[in-house]
1. Here are the criteria: (1) at pLDDT 75 or above; (2) over 30 Å from Gln126 (Cα atoms). Tell me which single one Val55 does not satisfy.
2. Condition first: acidic (Asp, Glu) and within 18 Å of Val491 (Cβ to Cβ). Now tell me which residues in segment 404-435 satisfy that.
3. Any residue in segment 208-236 that is at positive phi sitting within a Cβ distance under 9 Å of a residue that is crowded, with 19+ Cβ neighbours inside 10 Å and of a type in the set (Lys, Arg)? List the pairs, counting only those 6 or more apart or interchain.
4. Return the pair list, or none, for Cβ contacts closer than 7 Å from residues in segment 476-497 that are of a type in the set (Phe, Trp, Tyr) to residues that are assigned to a helix (DSSP H, G or I), at least 6 apart or on different chains.
5. Tally time: how many residues in segment 427-446 are in a helix (DSSP H, G or I) and either among the charged types (D, E, K, R) or buried (at least 20 other Cβ atoms within 10 Å of the Cβ) (or both)?
6. State all residues of segment 154-168 that are surrounded by 14 or more Cβ atoms within 10 Å (Cβ to Cβ), not in a loop (DSSP other than H, G, I, E, B) and not hydrophobic (A, V, I, L, M, F, W, C); if no residue qualifies, say none.
7. Where residues in segment 175-194 are buried (at least 17 other Cβ atoms within 10 Å of the Cβ) and assigned to a loop (DSSP other than H, G, I, E, B), which of them is nearest to the chain's Cα centre (by Cα)?
8. Does Ser171 count as part of a loop (DSSP other than H, G, I, E, B), closer than 22 Å to His356 by Cβ and among the polar types (S, T, N, Q)?
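The values are calculated or read from the model by the stated rules, or taken from the named source; none is laboratory data. All values derive from a computational prediction rather than experimental measurement. Positions of Cβ are backbone-derived with ideal geometry, glycine not excepted, and every protein chain shown enters the neighbour counts.
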Amino acid sequence: MVGQQQQHHNSNSSCQPTSTSSMPGNTKSSSPSNNNIPGNRCVWCRKCQVKLNFVLPTAEGKKEFCTCDCLLHFRNVYNDKQNPCVLCPNCDCLVRTPSTEPQVKLQVQGKTLEFCCAGCLDEYKQKHNIGVQKASPHVAAKKKQDNSFQNGEFKWQEYLSRTNGTPAPSSCFKQHSTPPSNEFTKDMKLEAVDPRNTTSMCIATVIASIGPRMRLRLDGSDNSNDFWRMVDSNEIQPVGTCQDKQVLLQPPLGFIMNASSWPKFLLKTLHGATMAPKEFFKPEPPTPRFNLFKIGHKLEAVDRKNPHLICVATVGGVDRDNIHVTFDGWRGAFDYWCKYDSRDIFPVGWCDNCNHPLQPPGNKLPLVSTPSPPAAAPQISSSCSASSESAPSQDSSTSTPVPPYTVTLHLHAYCDCGPYLDKIKLRSSPTIIGPSNIQEVYNQFVQILKQSAVSKQQVEKLLLVQGSEILEQGDFWSEILNIIDRFKLCVNLVNDKPIEEEEEGGRPTRASGKSKECSKCGGGRNGEVGLRPGVKRKIAKVKREEPEPPVKIEQPANPPPPKKPAPAKIVGDPKDWDVEQVIVNITGVDKSMNAYADLFRTHQIDGRAMLLLNSEVMMRYMGLKLGPALKIINIISKYKTKSSSKNGGSSNGIS
């Protein structure tokens, strides 16, 4: 859409300003000296906004804008080499002084600096001690220390000491403790998942590599869709893997040629090409069992708007399986929510260990140890421009308190319970704890351990942490893992998700003849826990009894019809749903739609965007096939109908 708007603006000569009087933000009222609205300033129109959502990378750094039009206007002027633009050295805004006003200039060391307004000139003088009283040695030393991080002289130990930061433990990340070696070379061929259509496997070429990361380009697409992958990613594989699995290689989304020419194009592409050897592909690292991140943890993270960069970042929020990545020293336009097991986040020192460049903190915001509170996770708006006037500033004294984080524990009581717990007592305990807040769930879990203890004194010694000390999500899951280790329990005995599908109402059902055994210890409902290696089991002599004849159960002549699943409840107006609520409500109607949940997150489909979807958009831009697209359209149409009827007071769900 941005590309279409750019063509429109370039084709219309009136859109590129020819005189300063016709440009937005030229009047005195838009000048920073007269605009006292708190917030960030748009580079083009100089209006202050609470949040600037549009970013343009330039040679002088990233420029931020309030609307798409401002970005396109600036780009036109910035790319005009005949009339080079002048940027204010204080605020980075474009200098566009009307002819009716005097120009604001300053001579510094033989150079003439031009400013957008008198206010910026005064601020620049104060920052650089021009015409003001000399700063104290303490202030000067602190300013030099701030600049040292932004000039590339970045050291983690020094930075953590200054900000009182805590690095996130390496156990939080889905990364190998030792970064894998990258043996791929330029122009090698491999198979990769299309990032814009995750159901398709395509042929890709290695364009460049930095450390263990590779820049890939799908054959048949242009350089605008290049993407980066780790050498140990599960989304890349050697050429020929699809053929061995009898899976067809697909053309990439936006294939530059006719789709019918794909087979011939594929043969021509692979003929004489260098295939990446199988041993170059590294195994994927294990996924952490739980989200152990805490707010304030320091890490290194990929800038998704400039994915070749890895920057200094902080965990600004934690919400179940998601974390909010905030970039130190930059405004919120670059922050994002991601899964805790994302491959785009790395522990402190990872770049140094694998010779990957690390971007130091920016200079847009002061460096502080405590990050600002993030937006709700992951609440993403579908509108093109942000309206700051509609979002009033919230006072900390009157803000709505954040609801406590809730967890659920599932106990697989037929797993190996170790030497300190009695398996019979444990099996009589509830198999589901929660959902409730961390404090309550942990206290109930500790109570179950004490009730199932072989020796209560021994169990109390092993419980080193009391429930009152568990305050954060990361602390909770860390202590659960420690308990599993100290009590010598099977790793599947305690989990955040149910292991078996046959559980009903928190108790195991014995209706099914067979049940799934634990993959770790072999424990199941219809048998004892599997033997550990090297342990001999004593077999007691049991008197055999004749089996009782099976009892015949008479079935009624007319069995009752199967129960229909409960209708999905509509919570609030669909247009007010965030991305996660859209996913929950769509998958609640059709479980098979779970396969496309990540697509909805990638394309940021919230309630308003959902109501605007049609089959053509989903097939062309989201990469969905016709069948799933029609299913989703059918679900959305039902929600539209039920929502309107609910507003009329006649219905509350989808049957």
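1. The single condition Val55 does not satisfy is (2).
2. So in segment 404-435, the residues acidic (Asp, Glu) come out as 416, 422.
Within segment 404-435, Asp416 is the sole residue that qualifies.
3. So the pair list comes out empty.
4. Phe476/Ile438; Phe476/Tyr442; Phe487/Leu462
5. Here is the first cut: in segment 427-446, the ones in a helix (DSSP H, G or I) are 427, 438-446.
Retained after the next criterion (residues that are either among the charged types (D, E, K, R) or buried (at least 20 other Cβ atoms within 10 Å of the Cβ) (or both)): 427, 438, 440-442, 445.
Total meeting the criteria: 6.
6. Step one: list which residues in segment 154-168 are surrounded by 14 or more Cβ atoms within 10 Å (Cβ to Cβ), which gives 154, 156, 159-160, 162-163, 165-168.
Next, from what is left, pick out any that are not in a loop (DSSP other than H, G, I, E, B): 156, 159-160, 162-163, 166-167.
Result: Tyr159, Arg162, Thr163, Thr166, Pro167.
7. Restricting attention to segment 175-194, the residues satisfying the condition of being buried (at least 17 other Cβ atoms within 10 Å of the Cβ) are 175-176, 179-180, 182, 184, 188-194.
Subsequent filtering for residues that are assigned to a loop (DSSP other than H, G, I, E, B) retains 175-176, 179-180, 182, 184, 188.
Details: Gln175: 16, His176: 19, Pro179: 22, Pro180: 23, Asn182: 25, Phe184: 27, Met188: 30 Å.
Going through the qualifying residues, I end up with Gln175.
8. Numbers: part of a loop (DSSP other than H, G, I, E, B): no; closer than 22 Å to His356 by Cβ: yes; among the polar types (S, T, N, Q): yes.
For Ser171, the condition - part of a loop (DSSP other than H, G, I, E, B), closer than 22 Å to His356 by Cβ and among the polar types (S, T, N, Q) - is not met.
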